[in-house]
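The values are calculated or read from the model by the stated rules, or taken from the named source; none is laboratory data. Keep in mind that what you see is a predicted model, and the values were worked out from it rather than measured. Cβ: placed from backbone, ideal geometry, glycine included. Neighbour counts: every protein chain shown. What goes into the accessible areas is simple: the full protein's heavy atoms, side chains included, and nothing from ligands, DNA or RNA. Shrake-Rupley method; radii C 1.70, N 1.55, O 1.52, S 1.80 Å.
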Amino acid sequence: MEKIRNFCIIAHIDHGKSTLADRLLDFTGSVTEREKQDQLLDNMDLERERGITIKSHAIQMDYVHNGEKYVLNLIDTPGHVDFSYEVSRSIAACEGALLVVDAAQSIQAQTISNLYLALENDLEIIPVLNKVDLPSANPEEVTDDIVDLLGCKPEEVIQASAKTGVGIEEILTAIIERVPAPKGNPDESLQALVFDSVYNPFRGVETYFRVVNGEIKKGQKIKFVATGKSYFADEIGTLKLTQHPKNKISTGDVGYLITGIKDAREVKVGDTITDSADPTKNPIGGFEDVKPMVFAGIYPVDTEDFEDLRSSMEKLQLNDASLVFTPESSAALGFGFRCGFLGMLHMEIIQERLEREFDMTVITTVPNVSYHAYTTKGDIDPIIVNNPTDLPDPSTIDRVEEPYIKATIITKADFVGNVMSLCIEKRGQIVNQTYLTTERVELIFDMPLAEIVFDFYDRLKTVSKGYASFDYSPIGMRPSKLVRVDILLNAQPVDALSALVHFDNAYHIGKKMCEKLKELIPRQQFDIPIQAAIGSKIISRETIKALRKDVTAKCYGGDISRKRKLLEKQKKGKKRMRQVGNVEIPQQAFMAVLKLN
Ligand code: GDP
Ligand code: MG
């Protein structure tokens, strides 16, 4: 145990986390030249065919230092805020962290948010100044930034280049000398922290764990505390580039477990694995059932594909437990599903996987966050509003609450004004403003999560000319003045176009939506009125003018064989359009509210 070091690498995106991990593997001889080649190929095929990655999650390296053999477990952390709970569990499985900072970019929002997570878990932080080989590097300045941030000594910051290999040996020495060995008692009942899991269609769910106390043996009957379910440990082992089966994994060490579980929902990140016959009395703290943050409707373009969509979603859920869905129906779109996602990136991933892996053509409706509505009846439990149609009648609503986040933005001093205006427009309240250096400022806002869903990233990029990084964490529910803006086409409400918005923005958004829909909905042989309404009150109106005769005529002329080809092509690539009443609505229209500026 005293020869084990568990560590992770935390960094802002693109600061060199993956490259540094590769270099550490090289340097410790964890990959042979041949393996490197094979691995690259294998990795791609495996990823494509089985949807798993080998290198990430966790990898074990052997390293000899001062004549002593050490085992170094590098535990990977996901790089996006949508998966921040998983990041926190990976960090909880370590005793130390390499804090990688790009010598040209300096400290960014994710550097800081990850650092806070690491400090909350009492990790030993080893600062690494990466990319010192870059001509644009500012090693002295950025070292000062790091010293200010951590309160460490300048000599503690390791100058490195994951590209050229500078500093790699020094990093390994620091891991051994500065990161504490794991503590724990091998004689206690088994307590292992689940920090990740991967679905493998051939072998079932592979669970990655860190043993905190006791030991896990091959064949042992184990139990997951949160789910209460027991299984046999069919296979356990350590992870190098490939899996190395073992007979036992002891206190302090990291490994994988295969039990034949076929449903990802049975393995929860943050759960405790214990012995089924002698369960621990102290499950590891910090377990949370991750909750979806963003909801949207997913509908098949062809109503007949509903059952196919259902089976595709069920299969997706087998390997992505954070996806939730329930059937819903829309007057406009027919039968579909209300789906919950961890965030916007997660939503995009699911949409993409439905299309690529399951060949489903789907329409996604406007995403919204989850609101809590309390009616005047004085109910104690809120009505959970995951869908615009769930919002109770305004006359019966006492109050509504919406999820808030703490947003951290780091930008250049020149752009502070722009970023402030944007965040205030997005109903943000400034909590703190700190000059990290004379050039760089950290801004902290309390903001409604809903405002991040609506075109925030793009706007932030624009107003800061790309010089702003952003990260956030949830801080709970707060009161909100929420209304539903309905859209009527040809005087008919189209439920799938309704959006939940803050009252102060409702008129503006209603107007913009009408304008945007006018742009997006194809003209037809008749006028189409578009109206936005709150309850029975019309707040805005536009009209899509009918096509003129000669324009239609043009469509029918021309080479007949070319026309047939075109028709066939359209059939094949299923138009992402929905006929609602006598109006054709393209997919973009359902998302129009996201792109109003
Ligand atoms: P990650 O997002 O933190 O995993 O970053 P990557 O490891 O993918 O690196 C981002 C980019 O920076 C890649 O193009 C790397 O080749 C490059 N990079 C990483 N480390 C270095 C370094 O030390 N020097 C230079 N010049 N480029 C580097
Ligand atoms: Mg990476």
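Quick notes on this one:
- Segment 399-420 residues that are of a type in the set (S, T, N, Q), paired with ones that are open to solvent by less than 10 Å² (accessible area, probe 1.4 Å) and assigned to a helix (DSSP H, G or I) (beta carbon under 6 Å, 6 or more apart): T408/A109; T411/V419
- Flag for K36 being at pLDDT 95 or above and away from ligand 1 (no atom under 14 Å from the Cβ): no
- In segment 158-247, counting only strands (runs of 3 or more DSSP E) that sit wholly within it, none holds 3 or more residues that are modelled with pLDDT of 95 or more, within 16 Å of ligand 1 (Cβ to nearest atom) and touching an Asp or Glu at 6+ places or on another chain (Cβ under 7 Å).
- A residue that is of a type in the set (F, W, Y) and open to solvent by less than 30 Å² (accessible area, probe 1.4 Å) can be found somewhere in segment 399-421.
- Candidates are the residues of segment 125-155 that are surrounded by fewer than 16 Cβ atoms within 10 Å (Cβ to Cβ) and either assigned to a strand (DSSP E or B) or without any contact (Cβ under 8 Å) to a residue 12 or more places away in the chain (or both); the one that is nearest to ligand 2 (Cβ to nearest atom) is P135.
Residues checked against (1) open to solvent by less than 10 Å² (accessible area, probe 1.4 Å); (2) out of contact with any strand residue (DSSP E or B) (no Cβ under 9 Å at 6 or more places or on another chain):
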| residue | (1), (2) |
| --- | --- |
| N213 | no, no |
| K217 | no, no |
| F224 | yes, no |
| T227 | no, yes |
| F232 | no, no |
| E235 | no, no |
| T251 | yes, no |
| G255 | yes, no |
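- Among the numbered conditions (1) more than 21 Å from V301 (Cα to Cα); (2) at pLDDT 90 or above, the only one that G336 does not meet is (1).
- Residue check, D495 in contact (Cβ under 8 Å) with a residue 40 or more places away in the chain, over 30 Å from S88 (Cα atoms), open to solvent by less than 30 Å² (accessible area, probe 1.4 Å) and of a type outside the set (S, T, Y): no
- Scanning segment 1-17 for residues that are within 10 Å of ligand 1 (Cβ to nearest atom) and surrounded by fewer than 16 Cβ atoms within 10 Å (Cβ to Cβ), we see that the one that is nearest to I112 (Cα to Cα) is I13.
- Meets criteria (surrounded by fewer than 21 Cβ atoms within 10 Å (Cβ to Cβ) and more than 27 Å from the chain's Cα centre (by Cα)) for P522: yes
- Looking at K516, K575, just one residue is within 33 Å of the chain's Cα centre (by Cα), outside the structural domain of T389 (by the TED database) and modelled with pLDDT under 75, and that residue is K575.
- Test for S322: is it touching a helix residue (DSSP H, G or I) at 6+ places or on another chain (Cβ under 6 Å) and either hydrophobic (A, V, I, L, M, F, W, C) or not assigned by the TED database to the domain that holds V198 (or both): no
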